[in-house]
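**Student:** First the structure, then my questions, so here it is.
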Amino acid sequence: MTDSPIGRRALLRGAAALAALPALAACGTGTSRSTGAGVSTGSSAKTVAVRNSGGAYGEALKKAIYDPFTKETGITVQVANLDGAQVLAQINQGRPQVDLIDITMMDGAKFVQENALEKLDLDRIKNLKIAKLPENQITEYAVAHSFYAQCMAYRTDAFDGRKPESWADFWDAKAFQGGRSMCNPDADLPELEFALLADGVPMDQLYPLDVDRAFKALDRIKSGVKKYWDSGPLPGMLLTRQEVTMTTVWHGRLADLLKQGVPVAAQLNGARRQFQGYAIAKGAASLDAAYQLFDYSMHPDVQARLAMAYPTNPSSPAAYDKISEEVRNGLAGAPQYYDKSFDADIDWWLKNEAAISKRWLGWARG
């Protein structure tokens, strides 16, 4: 994953506290709300403002998507590195400073609850037919362009050549000794699914989650958890410093460690997928240009180009044939790994995230 779900805690608390936030300076959006479709050079909007998380991911987007899009259409992409709370506050005030929002599908559903997104005209996103996305990743308000996998990472020099194969091994401190790290709800959803898989629940029978059973399983590992990570880089730091031998992690974060020669590996059995998508801000000024960039970004060739520049997993199955074998085999979305992982049930988590996070915090402090 590129960063934590945008404004997770703020979105979880709701929009009421966001209304007082000041609107940010304008990002230079255009004024067109024309109804043209597809990528063309005839749009009157010369700029489209996009929200993403910046950093190495933002640089990859610029190289793989934004610059080629501008070259093809003449439309400049203005980037705003805002968190979800800021974007939502602007929309609630009727002054959105971004047009296209790069957002997790779950956070997108929270925006829908706040009436903060435009209902999509899917006929204007013509590349969806070519991308052949899973149907459940195309909604009325957002469409997935990629996914991230939360999985297990471990030091390969820690277990005398043995490799953990499952979450049951992660829980087995006798066979696989050393400290553990797991995520804090400030970083991502509580990892109840991993606890249930470790306790023997089949992957295809996880939902609805048995919450009490999951916390009982977490009780068994609690004493071995040295740190609950709340940012993407932290699991890698803990592994590098040998403070833990195993941790949960966003899979894409391991690429830099491997380049640095840190002896780590991922175990993708039972990984949890969450999809990242595009949505259009309610009241977006450059609506036509937003649709054009949306459509352009969904093409399998473009998704593949991004994956070659940054370790993200295209949502389009058609994109993987266009990625080099070396890069493809390092992605959680590679065909040999996909069926070993599962999609987070967004509907279940939307209903239960607040209560589960509150219970988790009490459990962790107890």
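The values are calculated or read from the model by the stated rules, or taken from the named source; none is laboratory data. None of these values were measured; they are calculated from a predicted model. Please note: Cβ atoms are built from the backbone with ideal geometry, for glycine as well, and neighbour counts cover all protein chains shown. Areas reflect the complete protein model, heavy atoms only, side chains present, ligands, DNA and RNA absent. Shrake-Rupley method; radii C 1.70, N 1.55, O 1.52, S 1.80 Å.
**Student:** So what is the relative contact order of region 177-245, in percent, for Cα pairs below 8 Å that sit 6 or more residues apart? The partial results should precede the final answer.
**Tutor:** Working: 69 pairs, mean separation 34.8, N = 69.
Value for region 177-245: 50 percent.
**Student:** On average, how much accessible surface per residue is there in region 166-306, in Å², for a 1.4 Å probe, leaving out ligands, DNA and RNA? Can you show the working numbers first?
**Tutor:** On the way: 4930 Å² over 141 residues.
That works out to 35 Å² for each residue.
**Student:** Between Gln93 and Gln113, what's the calculated FRET efficiency when r is the beta-carbon distance and R0 is 22 Å? Round to 0.05. Spell out each step's value before the answer.
**Tutor:** Working: r = 17 Å, r/R0 = 0.79.
It comes out at approximately 0.80.
**Student:** I'd like the distance between the alpha-carbon centres of region 242-280 and region 65-133, rounded to an integer number of Å.
**Tutor:** 26 Å
**Student:** Round to a whole number: what % of the accessible area of region 270-366 belongs to carbon and sulfur, probe 1.4 Å?
**Tutor:** Values: 1820 of 3680 Å².
For region 270-366, the apolar C and S fraction of the accessible surface comes to 50 percent.
**Student:** A follow-up question, please. State the antiparallel share, in %, of DSSP beta bridges confined to the chain, rounding to the nearest 5. Display every interim value, and only then the final one.
**Tutor:** Numbers: 25 of 40 bridges.
In the chain, approximately 60 percent of DSSP beta bridges are antiparallel ones.
**Student:** Zone of Asn136 (label point 7 Å along Cα→Cβ, backbone N under 12 Å): which residues in region 331-361?
**Tutor:** 342-349
**Student:** A further question follows. With contacts defined as alpha carbon pairs under 8 Å and 6 or more residues apart, what's the relative contact order of the chain in percent?
**Tutor:** 28 percent
**Student:** Each residue of region 49-66 in order: what ³J(HN,Hα) in whole Hz does its phi give by Karplus 6.51 cos²θ - 1.76 cosθ + 1.60, θ = phi - 60°, with x for Gly and Pro?
**Tutor:** Here the 3J(HN,Hα) series is 9, 10, 8, 9, 8, x, x, 4, 5, x, 5, 5, 4, 4, 5, 8, 10, 5 Hz.
**Student:** Points 7 angstrom from Cα along the Cβ direction at Asp121 and Arg162: gap in nanometres?
**Tutor:** Here the answer is 6.1 nm between the modelled labels.
**Student:** Could you list the residues of region 193-230 with an amide nitrogen less than 19 Å from a label point located 7 Å from the Cα of Arg241 in the Cα-to-C-beta direction?
**Tutor:** Hits in region 193-230 for Arg241 at 19 Å: 224-230.
**Student:** Using amide H atoms built in the peptide plane, which far-off residues or other-chain residues are under 5 Å from Leu117 H to H?
**Tutor:** Hits under the 5 Å cutoff: Lys282.
**Student:** Then there's this: Could you name the aspartates and glutamates in cross-link range of Lys226, using Cα to Cα under 13 Å and dropping any fewer than eight places away on the same chain?
**Tutor:** Glu243
**Student:** Right, something else. State the extension gain, in nm to one decimal, for the chain segment bounded by Asn81 and Ser231, taking 0.36 nm per residue of separation less the distance between their alpha-carbons. Walk me through the numbers on the way to the answer.
**Tutor:** Numbers: separation 150, 0.36 × 150 = 54.00 nm, distance 1.68 nm.
Once the chain is fully extended between Asn81 and Ser231, it gains 52.3 nm.
**Student:** What is the gain in length, in nm to one decimal, between Lys222 and Glu59 on full extension, counting 0.36 nm per residue of separation less the C-alpha to C-alpha distance?
**Tutor:** 54.9 nm
**Student:** On to the next question. Dipole of the chain, Cα-centred, from +1 at each Lys and Arg C-beta and -1 at each Asp and Glu C-beta, to the nearest 20 debye? Display every interim value, and only then the final one.
**Tutor:** Numbers: 41 positive and 42 negative charges, 142 e Å.
It comes to approximately 680 debye.
**Student:** Out of the trypsin sites (Lys or Arg not before Pro) in region 218-297, which ones are loop residues according to DSSP with at most 13 other C-beta atoms within 10 Å?
**Tutor:** On the way: sites: Arg220, Lys222, Lys226, Lys227, Arg241, Arg253, Lys259, Arg272, Arg273, Lys282; in loops: Arg241, Lys282.
Of the trypsin sites (Lys or Arg not before Pro), the ones in loops of region 218-297 whose Cβ has at most 13 other Cβ atoms within 10 Å are Arg241.
**Student:** Next up: So what is the calculated 222 nm ellipticity per residue for the chain, using -39500 (n - 2.57) for each DSSP H run with n of 4 or more, over all residues, to the nearest 500 deg cm²/dmol?
**Tutor:** Working: 16 runs with 128 residues, N = 366.
The helix contribution divided over the chain gives -9500 deg cm²/dmol.
**Student:** Please list, ordered by chain and number, the residues whose modelled amide H lies under 5 Å from the amide H of Gly277; skip anything fewer than 5 residues away on the same chain.
**Tutor:** Ile103, Thr104, Met105, His145
**Student:** In the structure displayed, which of Lys62/Lys132; Lys163/Lys216; Lys322/Lys351 lie more than 28 Å apart, Cα to Cα?
**Tutor:** Values: Lys62/Lys132 24 Å; Lys163/Lys216 25 Å; Lys322/Lys351 38 Å.
As for pairs spanning more than 28 Å Cα to Cα, those are Lys322/Lys351.
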